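Enquirer: Just passing along the structure, written as structure tokens.
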Amino acid sequence: MYDAVYPFLIEPFAKMWTDMPLFFAETVISGVMAGVMYSLVALGFVLIYKASGIFNFAQGVLALFAALTLTGIMDNFGAPGWLAIILTVAIMFGLAWLIQKLVFNHLINQEPIILFMATLGLAYFLEGAGDIMWGSDVKVVNLGIPQGASQWLLDGPGLYVEKLEIVAAVTAAILVTALTIFFQKTRIGRALRAVADDHQAAMSVGISLEKIWIVVWAVAGLVALVAGIMWGTKSGVQFSLSLIALKALPVLILGGFTSVPGAIVGGLIIGVGEKIAEVYWGPALGGAIENWFAYMLALAFLLFRPQGLFGEKIIERV
Amino acid sequence: MMMKKIATGLGAVALTAGLLAGTALAAELTVPSLVYRTGPYAPNGIPFANGYADYFNLLNARDGGIEGSKVNLVECETAYNTQQGVECYENTKGQGTGALMYQPLSTGITYQLIPKASVDKIPVFSMGYGRTSAANGKIFEWVFNFPATYWDQASVFVKYIGEKEGGMENLKGKKIALVYHNSAYGKEPIRTLEKLSEKHGFSLQLLPVDHPGQEQKSTWLQIRRERPDWTLMWGWGVMNQVAIKEAASIGYPMDHFIGVWWSGSENDVLPAGDAANGYLSGTFHGSGTDFPVHADIMKHVYDAGSGAGDKDRIGEVLYNRGLIAAAWQAEAIRTGMKMHSTDSPTAAQVRDGFENLNVDEARLKELGLEGFTIPITITCANHGGPGKVFLQQWDAGAKKWNKVTDFYDADREVVDALIAEDSGAYAKENNLTPRDCG
């Protein structure tokens with residue numbers, strides 16, 4: 001009995017104790033940083049779902065497509081990073097317009113599952129288009145984003161923290177602040193919130209749904225570009241980048257599909273939870289538990305808050 | 001007028017029939033190529049597929065095929081997905097004159113094809129991957145995995161480490177970590193390493209990484225905490241690039257980090273930049289274009305506008321691996337054709353060719369591959385080949401792989417015993433009687 005219980009209930013905590021404070025802190029910090037990276041992807045999902053009720057399966061591919069376009073412009077045309085970013089943003093805005101005009105304008109009033117299937121098709125289309133346009137090779141993001149361990153933290157307190165992840169965390173903070181200002185203080189932002197609250201009421205006061213949805217897809221494209229740059233810098237830009245969407249799903253389940261703060265807090269909880277689980281419980285369970293553990297954690301939260309931590313509670317009369 | 005039209009029509013029919021008959025008469029060798037030019041592993045699948053295609057195109061363009069019969073290469077996209085790979089097999093095995101062999105380029109697909117191909121009597125050449133115990137030709141009659149297996153390679157890595165530590169006796173008390181792709185492929189070396197750990201007294205830390213391997217922070221945190229003396233990697237695709245970056249990031253010494261031959265291509269190290277300098281990997285063939293065969297490919301294939309990929313990428317590690325796979329397959333076909341005096345061999349005759357394959361130094365030179373790889377001799381009992389592996393090291397400044405060791409022999413005592421045990425278990429499970437190889 002003791003042998004069966006020891007690796008799960010005693011050893012992990014004993015290790016945590018012996019790992020205090022530095023290594024345990026590194027594990028938590030790594031989790032926080034990884035969580036921020038997941039949140040960057042989850043944000044794109046939230047924006048589109050909030051405004052249009054569409055679960056955008058293509059969000060991971062949007063990140064891939066944006067990163068491919070950025071590196072493609074830099075590598076093939078020798079454009080400097082700043083110009084490539086501007087051009088990529090323009091392309092992502094153009095793509096948002098095209099997606100709305102060619103796909104979703106034809107699907108107004110369709111069931112959510114139809115809209116979801118459309119994003120599935122969009123994902124495969126964009127993946128193929130990215131392949132044709134920029135090729136399948138691994139591409140390096142040369143934007144000068146610092147990488148490797150922070151020597152200052154390593155030499156000082158002896159903490160191992162990735163510079164790239166610090167950059168990602170700062171970028172995410174700026175992005176969320178910018179999005180909050182955009183939603184709260186601008187006319188389009190307020191219109192967007194009105195659409196998110198009630199489509200028909202928004203239309204009755206003269207807000208154009210089509211225009212708002214284009215804006216939402218454009219903003220999601222921008223968020224995808226940021227996520228693509230961060231993940232692309234971490235692993236090189238390649239087609240597996242689209243699979244980062246899978247890391248965002250437990251974040252969404254936990255944080256709620258309609259909340260920007262939820263995407264951030266959800267990401268942090270998932271990031272820290274999976275890292276602690278993998279480092280301390282992984283060895284007893286054969287390792288590689290963090291992927292499924294993230295979903296387990298999200299599902300455990302759902303038992304108590306079915307709408308997610310920050311999601312809107314939906315009450316329907318039946 | 002009507003008679004003229006009928007005569008013209010009949011003439012056209014006769015001409016078409018004649019052309020078709022002519023086509024049917026020309027012997028053709030159907031070689032399916034299971035590739036992955038799409039999906040998350042495409043960056044690695046593409047150069048292999050290009051090298052493979054270019055070599056067969058070279059034979060067609062320069063030599064008129066193999067022994068006068070043209071090779072019909074039939075590509076099928078698997079996206080490195082086992083189910084799609086099996087569908088490719090089913091869709092291509094009956095094409096043309098019938099598939100002569102398969103190179104699945106995936107351990108998962110290979111495992112699925114072993115029983116199927118054995119029933120269909122089509123040889124499977126899982127070159128240096130797949131089921132390791134298929135090296136036992138007495139039981140796996142239709143499968144070949146030369147020139148070396150994952151188990152050979154794992155034992156070579158331990159030998160190399162022993163050498164660097166000043167002798168195998170110094171391995172006692174050392175710590176070796178294995179970071180592996182959490183799949184059938186990644187798990188292949190575990191048994192061998194466990195046996196070697198018992199034999200030499202080192203401790204083994206196993207660290208699986210789930211597909212695709214984009215997020216490995218917790219794996220490398222554990223390495224940072226445990227500080228293994230050496231780290232081995234059985235990775236593929238993005239997992240390799242992230243692992244090398246993470247290793248560099250925690251300050252792990254690159255010259256103590258050794259990747260399997262699927263973790264040792266330019267794709268794996270370039271994204272890490274200078275940080276990858278000194279990283280090691282196993283291999284069994286050269287890199288670069290300093291071999292006559294590359295000049296021939298350039299002249300007969302690329303200058304003729306029929307190259308499969310980008311001219312600048314000829315000679316990359318995975319391109320050269322596809323090339324040597326095709327070269328050995330072509331030699332097996334040639335051997336089978338000569339053995340059976342036919343210009344249109346069956347898959348079974350090609351299997352005979354594989355089993356009597358002898359590509360020695362002289363033949364390598366004739367093929368424009370002198371110094372590219374080791375000579376091999378395949379027999380009825382030994383489908384795994386010589387089992388020799390050497391190590392290459394990445395020079396980030398020059399952006400090239402350098403050969404840093406000679407070919408090492410595998411630890412045959414450990415590896416052969418494991419092959420006998422595993423293949424014996426397979427035979428028992430499947431009610432197979434081992435062949436008598438004399």
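Enquirer: State the number of residues belonging to region A:119-132 that are more than 14 Å from chain B (Cβ to nearest Cβ) and touching a residue at least 40 places away in the same chain (Cβ under 8 Å).
Expert: Of the residues in region A:119-132, 3 are more than 14 Å from chain B (Cβ to nearest Cβ) and touching a residue at least 40 places away in the same chain (Cβ under 8 Å).
Enquirer: Check A:LEU107, A:LEU87, A:LEU43 and return the single one that is on the phi < 0 side of the Ramachandran plot, surrounded by fewer than 14 Cβ atoms within 10 Å (Cβ to Cβ) and away from chain B (no Cβ under 14 Å).
Expert: After applying the criteria, what remains is A:LEU107.
Enquirer: List the number of the failed condition for A:VAL251; all other conditions in (1) open to solvent by 10 Å² or more (accessible area, probe 1.4 Å); (2) part of a helix (DSSP H, G or I); (3) in contact (Cβ under 8 Å) with a residue 60 or more places away in the chain hold.
Expert: Only one criterion is unmet by A:VAL251, namely (1).
Enquirer: Quick one: which of A:VAL195, A:VAL138 is within 14 Å of another protein chain (Cβ to nearest Cβ), surrounded by 19 or more Cβ atoms within 10 Å (Cβ to Cβ), touching a helix residue (DSSP H, G or I) at 6+ places or on another chain (Cβ under 8 Å) and β-branched (Val, Ile, Thr)?
Expert: Step by step, each of A:VAL195, A:VAL138 is checked, and only A:VAL138 is within 14 Å of another protein chain (Cβ to nearest Cβ), surrounded by 19 or more Cβ atoms within 10 Å (Cβ to Cβ), touching a helix residue (DSSP H, G or I) at 6+ places or on another chain (Cβ under 8 Å) and β-branched (Val, Ile, Thr).
Enquirer: Here's another thing I want to ask about it. Hey, among B:ASP255, B:ASP268, which residue is open to solvent by 10 Å² or more (accessible area, probe 1.4 Å) and either at the interface with chain A (Cβ under 9 Å from one of its Cβ atoms) or not in a strand (DSSP E or B) (or both)?
Expert: The unique qualifying residue is B:ASP255.
Enquirer: Just the residues that are surrounded by fewer than 23 Cβ atoms within 10 Å (Cβ to Cβ), more than 18 Å from B:VAL35 (Cβ to Cβ) and within 20 Å of the chain's Cα centre (by Cα), please, taken from region B:295-334.
Expert: Passing the criteria: B:GLY315, B:GLU331, B:ARG334.
Enquirer: What single numbered condition from (1) at negative phi; (2) at pLDDT 95 or above fails to hold for B:GLY65?
Expert: (1)
Enquirer: Can you run down the residue pairs with Cβ atoms below 6 Å, 6 or more apart or on separate chains, where the first is in region A:172-190 and farther than 16 Å from A:LEU43 by Cα and the partner is open to solvent by less than 60 Å² (accessible area, probe 1.4 Å) and modelled with pLDDT of 90 or more?
Expert: Close Cβ pairs (under 6 Å, with a partner that is open to solvent by less than 60 Å² (accessible area, probe 1.4 Å) and modelled with pLDDT of 90 or more) amount to A:ILE188/A:VAL215.
Residues are listed down the side, and each one gets a yes or a no for (1) over 19 Å from the mean Cα position of the chain (by Cα); (2) not aromatic (Phe, Trp, Tyr); (3) not in a helix (DSSP H, G or I):
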residue: A:LEU222; (1), (2), (3): no, yes, no
residue: A:MET230; (1), (2), (3): no, yes, no
residue: A:LEU241; (1), (2), (3): no, yes, no
residue: A:VAL279; (1), (2), (3): yes, yes, no
residue: A:GLN307; (1), (2), (3): no, yes, yes
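Enquirer: Of all residues in region B:65-120, how many are touching a residue at least 12 places away in the same chain (Cβ under 8 Å), among the acidic types (Asp, Glu) and closer than 24 Å to A:SER240 by Cα?
Expert: So the answer is 2.
Enquirer: Now, a different point. Output the residues belonging to region A:1-13 that are under 14 Å from A:ILE276 (Cβ atoms) and either over 33 Å from the mean Cα position of the chain (by Cα) or not in a helix (DSSP H, G or I) (or both).
Expert: Scanning region A:1-13 gives a single hit, A:GLU11.
Enquirer: Inspect all residues belonging to region A:177-189 and state whether any of them is of a type in the set (Phe, Trp, Tyr) and more than 10 Å from every other protein chain (Cβ to nearest Cβ).
Expert: Scanning region A:177-189 turns up at least one residue that is of a type in the set (Phe, Trp, Tyr) and more than 10 Å from every other protein chain (Cβ to nearest Cβ).
Enquirer: Could I ask something else about it? Output the number of the condition that A:PHE257 fails; it satisfies all remaining conditions of (1) surrounded by 24 or more Cβ atoms within 10 Å (Cβ to Cβ); (2) not in a helix (DSSP H, G or I).
Expert: Every condition holds for A:PHE257 apart from (1).
Enquirer: Could you list all residues from region A:263-283 that are surrounded by 24 or more Cβ atoms within 10 Å (Cβ to Cβ) and either more than 14 Å from chain B (Cβ to nearest Cβ) or not small (Gly, Ala, Ser) (or both)?
Expert: Residues satisfying the conditions are A:ALA263, A:ILE264, A:GLY266, A:ILE270, A:GLU274, A:LYS275, A:GLU278, A:VAL279.
Enquirer: Can I ask one more? Only one residue in B:ALA243, B:ALA275 is farther than 26 Å from B:THR107 by Cα, within 14 Å of chain A (Cβ to nearest Cβ), assigned to a helix (DSSP H, G or I) and touching a residue at least 40 places away in the same chain (Cβ under 8 Å). Which one?
Expert: Of the residues listed, the single one that is farther than 26 Å from B:THR107 by Cα, within 14 Å of chain A (Cβ to nearest Cβ), assigned to a helix (DSSP H, G or I) and touching a residue at least 40 places away in the same chain (Cβ under 8 Å) is B:ALA275.
The values are calculated or read from the model by the stated rules, or taken from the named source; none is laboratory data. Just so you know, these numbers come straight off a predicted model, no measurement behind them. Cβ sites come from the backbone with ideal geometry, for glycine too, and all protein chains shown count toward neighbours. Note: accessible area is taken over every heavy atom of the protein model, side chains too, but ligands, DNA and RNA are not part of it. Shrake-Rupley method; radii C 1.70, N 1.55, O 1.52, S 1.80 Å.
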